[in-house]
Amino acid sequence: MFNSKYSSVLTILLIIVIVAIVAIIGYFGYEIIAEKSKEKASESAIEQFDTAFPTVAAADENEVQNVSTNNETLDANVTGGNGGNNSGSNSKKVMFKGYEVIGTIRIPSVKVDEPILADVTKKSLENAVALLYTTNGLNQQGNSVIIGHNYRNNLFFSNNDKIKKGDSVYIKDKTGVERKYKVTDTFETSASDADFYKPKDVNKTTVVLSTCTDDASTTNKRWIVMAELEG
C-alpha cells in the first residue's frame, strides 16, 4: 500500500513538473513570437515611411526645401493630412496602429530601428517609440524627447543602457532628411525628473531618449541617453 501511495505521489509530481515545463515553454515561445511580430510590424511601418518620404542624401537647407510635398496616397496606411511639427507643407501621413509616424530612429550600436509615433499613449508605446516632447519638431533647433518601453529583450529601448558616449543616433523626419547625432551623456534618474526636457543650449539641436531601468518596477527609475546633432 505504501508503494502504491508513493507511486501515486510521484506520478502527481511528475504531472505537475511536466505541466510547469510546458507552461514555461509556452510563455517564452509566445514572448518570442510576439517580439518577432512587433519587429516585422516596425519594419513595415519604416518601409512605408521611407516610401512616403524618400531619404534626402544630404541635410542641406536648399535640398530640404525641395523635397516633394505632393498629396499622393501610397497605400491604405498613407493618407492626406498635415502632421508633425516639422512637416512644412507636406500633406502625407503614414499611419501605424492608429498613430501617425512622424519619423524613424536608428541606433546601430544596439540595433534599434523603429518608427517614431506622434502620440504617447499606453497603446502607442506597446507598438513603437513616441515623441514625448519637442521644442520645434524632430531635427529642429532645440530639444526632442523620445520615449520607449524597456521590455528587457530586443524591442524598442530595451538595450539603451548599453549605449555609450560617442555612439551615433540617426533621426529621420518627414522632410526626408536623416540627421546624425552623437551621444554626449547617459545617466539614471527618477521618473519625476524633467530637467532634461529643455535644451541646455537653445542654439543647438539635441535629442533625449528615455526608458525605464531594468528595476523600474521597484525603483521607478529612468535611463536617459542625450545626444547632440553633429556638424
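The values are calculated or read from the model by the stated rules, or taken from the named source; none is laboratory data. Source: prediction; values computed, not measured. Cβ sites come from the backbone with ideal geometry, for glycine too, and all protein chains shown count toward neighbours. Just so you know, the surface numbers come from the protein's heavy atoms only, side chains and all, with ligands and any DNA or RNA stripped out. Shrake-Rupley method; radii C 1.70, N 1.55, O 1.52, S 1.80 Å.
Structural remarks
- Test: residue in segment 28-38 that is open to solvent by 90 Å² or more (accessible area, probe 1.4 Å) and modelled with pLDDT of 70 or more: yes
- Extreme residue, least open to solvent (accessible area, probe 1.4 Å), among residues of segment 45-68 that are charged (D, E, K, R) and at pLDDT 50 or above: Asp50
- Number of the condition not met by Ser91 [criteria: (1) of a type in the set (Ser, Thr, Tyr); (2) within 12 Å of the chain's Cα centre (by Cα); (3) modelled with pLDDT under 95]: (2)
- Among the criteria (1) in contact with a strand residue (DSSP E or B) (Cβ under 6 Å, 6 or more places away or on another chain); (2) closer than 18 Å to Glu228 by Cα, the one Ser158 does not fulfil is (2).
- Subset of segment 198-231 (residues that are part of a strand (DSSP E or B) and not hydrophobic (A, V, I, L, M, F, W, C)): Thr205, Thr206, Ser210, Thr211, Lys221, Arg222, Glu228
- Restricting segment 198-231 to residues that are hydroxyl-bearing (Ser, Thr, Tyr) and either open to solvent by 60 Å² or more (accessible area, probe 1.4 Å) or in contact with a helix residue (DSSP H, G or I) (Cβ under 7 Å, 6 or more places away or on another chain) (or both) leaves a set whose member that is farthest from Val120 (Cα to Cα) is Thr218.
- Close pairs (6 angstrom Cβ cut-off, 6 or more residues apart or separate chains): among the charged types (D, E, K, R) in segment 113-133, open to solvent by 70 Å² or more (accessible area, probe 1.4 Å) anywhere: Asp113/Arg106
- Looking only at segment 163-197, residues that are assigned to a loop (DSSP other than H, G, I, E, B) and buried (at least 17 other Cβ atoms within 10 Å of the Cβ) come to 5 in all.
- Evaluation of Ser42 against (1) more than 27 Å from Asn154 (Cα to Cα); (2) at pLDDT 65 or above; (3) open to solvent by less than 90 Å² (accessible area, probe 1.4 Å) (one fails), failing number: (1)
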